[in-house]
1. If a residue has to be surrounded by 22 or more Cβ atoms within 10 Å (Cβ to Cβ) and over 16 Å from the mean Cα position of the chain (by Cα) to count, how many in the stretch 1-18 make the cut?
2. Look through the stretch 21-57, keep the residues that are hydrophobic (A, V, I, L, M, F, W, C) and under 15 Å from C10 (Cβ atoms), and return whichever of them is surrounded by the fewest Cβ atoms within 10 Å (Cβ to Cβ).
3. For the stretch 72-101, what are the residues that are in contact with a Phe, Trp or Tyr (Cβ under 6 Å, 6 or more places away or on another chain) and either at pLDDT below 95 or of a type in the set (G, A, S) (or both)?
4. How about the stretch 5-27: which of its residues are out of contact with any helix residue (DSSP H, G or I) (no Cβ under 8 Å at 6 or more places or on another chain) and in contact (Cβ under 8 Å) with a residue 60 or more places away in the chain?
5. Please enumerate the residues belonging to the stretch 148-190 that are touching a residue at least 60 places away in the same chain (Cβ under 8 Å) and acidic (D, E).
6. Might you check whether a residue that is touching a Phe, Trp or Tyr at 6+ places or on another chain (Cβ under 8 Å), part of a loop (DSSP other than H, G, I, E, B), aliphatic (A, V, I, L, M) and modelled with pLDDT of 95 or more occurs anywhere in the stretch 105-113?
7. Any idea which of (1) modelled with pLDDT under 95; (2) under 19 Å from the mean Cα position of the chain (by Cα) is the one G69 doesn't satisfy?
8. Of all residues in the stretch 200-249 being loosely packed, with under 13 Cβ neighbours inside 10 Å and under 20 Å from the mean Cα position of the chain (by Cα), which is farthest from A183 (Cα to Cα)?
Amino acid sequence: MKRAFTTLGCPEWDLDTILARARDYGYDAVDFRGYRGQMEIWRLPEFSGDTPETVRKIADSGLAVSCFGSSARLCAPEGEERRRADEEVRAYARLCRAFGVGQIRVFGGAPGPGSREEVLDRTAAVLRAWAAIAADSGARIAFETHDSWTRSADVRAVLDRADAPGAGVLWDVNHPVRRHGEAPDVTVATLGAHLINTHWKDCTDDPAKPGHDRLCLFGEGVLPLQEMVAALKRAGYGGYWTLEWEKRWHPELAAPEVAFPRFIDVMDRLDRATR
């Protein structure tokens, strides 16, 4: 069970701290989703001009980079927004080549006009193009179950139409079950071999906002975590189990010094309970 965390959870940490804490807590990898206030990390010296030094530091730590988390949306409208999304995917593909990283996470975004079939075909065409860009750098596009694309059947329909070996799915475990009541076994069976990454969190009902979630420490919420772990194990899942602690977006959340080691402890228990 390879564990990682996204840098959304530690927006104040520098690279040395990220690597040291990841190693101390028992993680295997880091998923870079922004760094110290900059979400487009390819613009930073550590990931552009000083790339060899950053690669060396990560290698010396014994850790891997599991994924680069982009903001690119498959359904971005034609024009400037589409151009920026394409540019972002190309930038992360270059980083994948430099760092030996195998995945770029992307979102689906708002579907836009047209029938369901038109939306699926249009989205699949972009996914196919991005998968080709990623494949040239030895990476794959990981389409996250997020925003308008939280039903596993819809995500699978795009993957089937794209028919691109360089494309896969990142299962954010919160969204299908909380938005649609989709059972973990259904999600895993529907996505099947397309599942290449997972994002983990936990939540409770938000009493101040009926119908909304309130994020909480891993293992203290209502998500059927053991069912999720068991479903993935039965399917032979071999990708990363990544904590997405969204402290950058929710500063009221507990510090990473609390949340990160807790994820390891709870995942260890879930791992034992599903053997």
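The values are calculated or read from the model by the stated rules, or taken from the named source; none is laboratory data. What you see is a predicted model; the values in this text were computed from it and never measured. As a convention, Cβ positions derive from the backbone with ideal geometry for all residues, glycine included, and neighbour counts pool all protein chains shown.
1. The number of residues fulfilling the criteria is 1.
2. Looking only at the stretch 21-57, we keep the residues that are hydrophobic (A, V, I, L, M, F, W, C), and these are 22, 29-30, 32, 39, 41-42, 44, 47, 55.
Next, from what is left, pick out any that are under 15 Å from C10 (Cβ atoms): 22, 29-30, 32, 39, 41.
Numbers: A22: 23, A29: 19, V30: 24, F32: 22, M39: 15, I41: 21.
If we take residues in the stretch 21-57 being hydrophobic (A, V, I, L, M, F, W, C) and under 15 Å from C10 (Cβ atoms), then M39 is surrounded by the fewest Cβ atoms within 10 Å (Cβ to Cβ).
3. A91
4. Of the stretch 5-27, the ones out of contact with any helix residue (DSSP H, G or I) (no Cβ under 8 Å at 6 or more places or on another chain) are 6, 8, 11-12, 14, 17, 24.
Once the filter is applied, which keeps residues that are out of contact with any helix residue (DSSP H, G or I) (no Cβ under 8 Å at 6 or more places or on another chain) and in contact (Cβ under 8 Å) with a residue 60 or more places away in the chain, the stretch 5-27 yields T6, L8, P11.
5. The one that is touching a residue at least 60 places away in the same chain (Cβ under 8 Å) and acidic (D, E): D172.
6. So far as the stretch 105-113 goes, no, none of its residues is touching a Phe, Trp or Tyr at 6+ places or on another chain (Cβ under 8 Å), part of a loop (DSSP other than H, G, I, E, B), aliphatic (A, V, I, L, M) and modelled with pLDDT of 95 or more.
7. Failing condition for G69: (1).
8. W249
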